[in-house]
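First comes the structure, then the notes that go with it.
The values are calculated or read from the model by the stated rules, or taken from the named source; none is laboratory data. Every value quoted in this text rests on a predicted model; they were computed, and no experiment measured them. Backbone-built Cβ (ideal geometry, glycine too); neighbour counts: all protein chains shown. To get the accessible areas, we keep the full protein, side chains included, count just its heavy atoms, and leave off ligands, DNA and RNA. Shrake-Rupley method; radii C 1.70, N 1.55, O 1.52, S 1.80 Å.
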Amino acid sequence: MVTFMAAFNSPTFYKKNFFQLCSPGLGNEEVDNLKQTQTGEFWRWRESNWVNEKIEWRNSRYITVGIDVGSVSSQAVVMCDGEIYAYSNIRTGSNSLDSASAALNSALANLSMKLDAVNYCIGTGYGRVNVPMSDRTVTEIACHARGANFLFGPAVRTVLDVGGQDIKAIKCDSEGKVTNFLMNDKCAAGTGRGMEVFADLLSIPIGEVGDRSLDISEEPAAVSSACVVYAKSEATALLRKGLSPNEVLAAYCAAMANRIIMILERVGIEPELAITGGMAKNKGVVERLTRKIGINPLKTAWDSQLAGAIGAALFGYSLCKKGKGRTTK
Amino acid sequence: MLVHHGYSDGSGNYFITINSEKCDACGACINACPANVFCIFAEDENDPLNDRPVVSIDQEKRNKIKYECAQCKKCGKDSILPCLIACPIGAISHSW
C-alpha cells in the first residue's frame, strides 16, 4: 500500500497515467484542463519533449547541448551540427541541479545517444551556475539573441524575452550577436509567474488565458500596476465590482503589455521583433503589445521557450568549430 | 554592445550603461568608484565568442545601484560622476 501510494503521489505517475486512465479518449489539452480543474493547479502548463527522427546522431560531427535553467521552466536542447535533434521543456523544481538533470534526461529519454557522445554542453539561464554537466556557462541574454536568430531568421533586430521572473529586451545584429540589452530582474511585474498567479486566482487554465482575455465585448482599462501583489488585490476589487473573469484577465494582460513596452522602449524597438519565452504563447499579451507598438512579431513553429537553450547549443557548436570541444568516443 | 546594468522600478530607471565595444578594461573606473560597483570580467559573459576582458557591474550590486550610487548622485543632475570623469574613452553612462 505504501509503495502504491508513493507511486501514486509521484508527479510523473500522476501526470502520465492518472488522468489518462480516468478519462480515456480525451486529447492532451482536455486532459490538461481536466487535471487543472481537479487539482486546482490552474497555472500548470504542459511539459514536453521531442525528437527529430530524421537525424542520425552518429553521422554528425559535433553534438552540442544547451541547458537553460530558468526561474520557472527548464529546457534542454540537443543539436547535431547546428540542427535541433531533441529537446525537452519542463518545470523548474526547487533545486536547479535536479532541474538541469531532469531537463536533460527528458530530452535524452527516447534517444539511443548517451551523454558521453556530447562534444560541448553549455548551461544558461538563471540557474546556469548549477548545471553540473556543463562545460561553461553563457548568459541567457547572449543565448536568447542567438536562439531568436535561429528560430526567427537573421532579420530579427529586437528580441523580447518574457520569462518566468524577468523581462529582457535585446537588440542584436544579423548574426544574433547582442548589440544592446536590458534586463529587469529585480521586479517580476509583467512576467510569466505573474500570469500563473492570475490563472490560479481566477481559476482559469493558463493555456486559456490568452483567448479568454480577448473574448470580451469592450476592452477594460488596464490595471494600474503589473506588480503581482498589487494587481492581485486590484483584480479582486474588479471582480467584486462585477467585471467578468475574462475582463479582469484583459485588464491584467493590458497592464503587462504596458510594462513590457516600457522596457522595450529603453533599448528602442526596431523591426523585426521576435518574442521568446513563455509569454509569447499568451495571445492576450502579444496582441495588445502588437496593437500598441504597431509591429507584428515574427512567428515560429518551434516552442518559443526553447530560444535560450537553442542559443546555448549553437554557441557550443561555434566553440566546437573553434576547436574547443571535447573529443568523444 | 551597450550593456544596461540595473533595473527600473516604480520610482524610475536605474541603469549604468557600459559600451563594451569601447571598453578596453583599463580599470580606471574601478579605482575611481567609491562604492566599488565596477569589476573586470575575464571574458564578456554576454559574448562567449569573444575572449577579451571587459568591465561590468558587480553582480551583487546590480539590483541596488540606486543606493550604491547615491553618494555620488547627491548633487543632483549637474554633478559629474567620478566614474564618468575617470573613463578615458567615455564608455560609461547613467540613466538617472
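Take the conditions open to solvent by 30 Å² or more (accessible area, probe 1.4 Å), under 22 Å from A:Thr139 (Cβ atoms) and either more than 14 Å from chain A (Cβ to nearest Cβ) or not in a loop (DSSP other than H, G, I, E, B) (or both) and apply them to B:Asn63. Does it pass? Here the answer is yes, as B:Asn63 does meet what is asked. Of the residues A:Ile260, A:Ile269, the single one that is under 29 Å from A:Cys172 (Cβ atoms), within 14 Å of chain B (Cβ to nearest Cβ) and within 23 Å of the chain's Cα centre (by Cα) is A:Ile260. Counting the residues of segment A:57-80 that are in contact with a helix residue (DSSP H, G or I) (Cβ under 7 Å, 6 or more places away or on another chain) and of a type in the set (D, E, K, R) gives 1.
Number of residues in segment B:6-32 that are away from chain A (no Cβ under 14 Å), at negative phi and surrounded by fewer than 22 Cβ atoms within 10 Å (Cβ to Cβ): the value is 6. The helices (runs of 4 or more DSSP H) found wholly in segment A:190-280 and carrying at least 2 residues that are open to solvent by less than 30 Å² (accessible area, probe 1.4 Å) and under 23 Å from A:Gly70 (Cα atoms) occupy A:192-202, A:209-214, A:245-267. Scanning segment B:33-59 for residues that are outside any loop (DSSP other than H, G, I, E, B), within 11 Å of chain A (Cβ to nearest Cβ) and surrounded by fewer than 22 Cβ atoms within 10 Å (Cβ to Cβ) returns B:Phe41, B:Gln59.
Residue-by-condition table, conditions (1) assigned to a helix (DSSP H, G or I); (2) closer than 26 Å to A:Gln165 by Cβ; (3) within 13 Å of chain B (Cβ to nearest Cβ); (4) hydroxyl-bearing (Ser, Thr, Tyr):
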residue	(1), (2), (3), (4)
A:Arg288	yes, yes, no, no
A:Ala301	no, no, no, no
A:Leu306	yes, yes, no, no
A:Leu314	yes, yes, yes, no
A:Cys320	yes, no, yes, no
